[in-house]
Every structure is written in structure tokens, then in C-alpha cells.
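The values are calculated or read from the model by the stated rules, or taken from the named source; none is laboratory data. Every value quoted in this text rests on a predicted model; they were computed, and no experiment measured them. Every residue, glycine among them, receives a Cβ derived from its backbone with ideal geometry; neighbour counts consider all protein chains shown. The protein model used for the area step is the full one, side chains on, heavy atoms only, and it has no ligands, DNA or RNA in it. Shrake-Rupley method; radii C 1.70, N 1.55, O 1.52, S 1.80 Å.
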Amino acid sequence: GRLEEVKARFEASEPSVAADLLRVLANGAEEESRALIVEVIHRGAPELKLEFLGQVGGAAERNQRSFLVLLLAAPEEEVRIRALEVIGDLGEKGGWAPVQRQLQAQVTGGATNTELDALGRTLARLDPARAVEEFMPVAQRRRLFQTFRPKELRGRRAAVASLAALAGRRDARKVLMELAEGKDDLAEMARTALEGAAPDDAASPAAPPRAPAPAQPPGPVRPDPR
């Protein structure tokens, strides 16, 4: 009911205070406050957006989560990556669809390897089984002389990053081991992932076989009393 006053205070405050106000407004999610938040996401100072993400952390309330998704499209890569981390911390499978959409947009739009890796890792955190199912064929796709188009290269990079985050799984490890035989950056990613993760289903070391008991010498033969 005092939105204009809050907006004035918001514009005059340092990032830590403004982010606190933004968090409260996001929780209210009224139409007027939503317009302000969308404006901040697209044109506000990155320090404010990072402070907001730091305050929300992995405990975002329901209405705040929609603004986390909006932050995936912020103009600053640092903000987008931090938003991915927060969404990954929430660990809800419902976050898969918006993150996947952002991955598709960034693969087409020319994202850096840093952001592609973050997108792949986040999807792996949100739904490991689905990430393996969807990214295995992408990671394994190869062409003669590696003549990939840039879009395909970026897509494959995100796929390998996702599988690398799941290097403990048997199915992901199998693909990573195949990739590790190569000589490109993705092969190096695969080798690093394999070196840093033990298989989830590794069996405990088998106990050494027990030595057979020594044979007992036969006792004396007794005469038959009959």
C-alpha cells in the first residue's frame, strides 16, 4: 500500500538495503512491484542483483522463484551464473524447464564456455537421470574431422559439462571414458571429471580368500573288536 514510498527508498538505498526491499517486493509480487523488479533485472546495477541473489540463497519463497528465472536473462553473465547456482541449490525438478530454455537460447546466442558449463551443471543437479538421458547422445555425437558448427560445439560443451558433474554414475562415466580418449578440450574435461570422482556404485574391496584349514593327519587304526 506504500509502493511509491518503497520505490523512492529503493532508489536512494545502497545495494544491500535495496536488495532487501527487492526481496520483500518479490515476495509480494503485486503488479506494480513486479514492474519495478523487471526493470531492475534488465537495467539495474549488477551489485544489486547479486545482493538480491545472496539474500535469497537456496531458500527462495514461492513468488521469489519466478524472479530467479527472470534473472537467468539478466544482461550480466555473472548475474546469470549466480542465478543458476541458486536455482541449483533449490534442487527442484520444476527448475529444469526454464534452465533448459536458457541453455537453448545461450547455445544459439553464443554463450561463453563458463556459462555453458554452469548451465550443464545446474541441469545435472536438478534432475540427474534426465540429464544423462538427454545429454548422452549430444556428448557422443561426432563428425569427421570435428567439423561442428559453433552452435553444435556449444551444445556439446554443455552436455559434457553436465555429464562431468555426474561422473560418479556408471552411465555417465561410460560416455566420459569414451570422450577422454580424444585430444580436444572436451576430452580434457572428461579426464578431469573421471579423476575427481569415484564411481557411486563402486563395490567395497573384496576380503582376501581365507586359507584352507590344514589337513589333519589320520589317527591310529584301531583293531575291529569283532
Of all accessible surface on the range 1-75 at a 1.4 Å probe, what whole percent is carbon and sulfur? 49 percent
Distance (nanometres) between label positions extended 7 Å along Cα→Cβ at Met177 and Thr108: 3.8 nm
Within the range 77-184: Cβ-based charge dipole about Cα centre, in debye rounded to nearest 20 (Lys, Arg +1; Asp, Glu -1): 380 debye
Restricting everything to alpha-carbon atoms, can you work out Rg to Rh for the range 70-123 with a Kirkwood hydrodynamic radius? 0.91
Report, please, the projected area of the range 13-169 averaged over directions, based on the convex hull of its C-alpha atoms, in nm². 9.4 nm²
Taking the Cβ of Gln55 as the centre, find all other residues whose Cβ is under 9 Å away and add up their charges (Lys, Arg: +1; Asp, Glu: -1). -1
Rounded to a whole %, the carbon-and-sulfur portion of the accessible area of the range 113-189 at a 1.4 Å probe is 51 percent
How are the alpha carbon pair distances in the range 1-51 distributed across 5 Å bins from zero to the largest one, expressed in percent? 5, 22, 37, 28, 8, 1
Environment charge at Pro46 (Cβ cut-off 9 Å; Lys +1, Arg +1, Asp -1, Glu -1): -2
What is the list of residues in the range 83-115 whose amide nitrogen lies under 13 Å from a point 7 angstrom out from the Cα of Asp185, following Cα to Cβ? 110-115
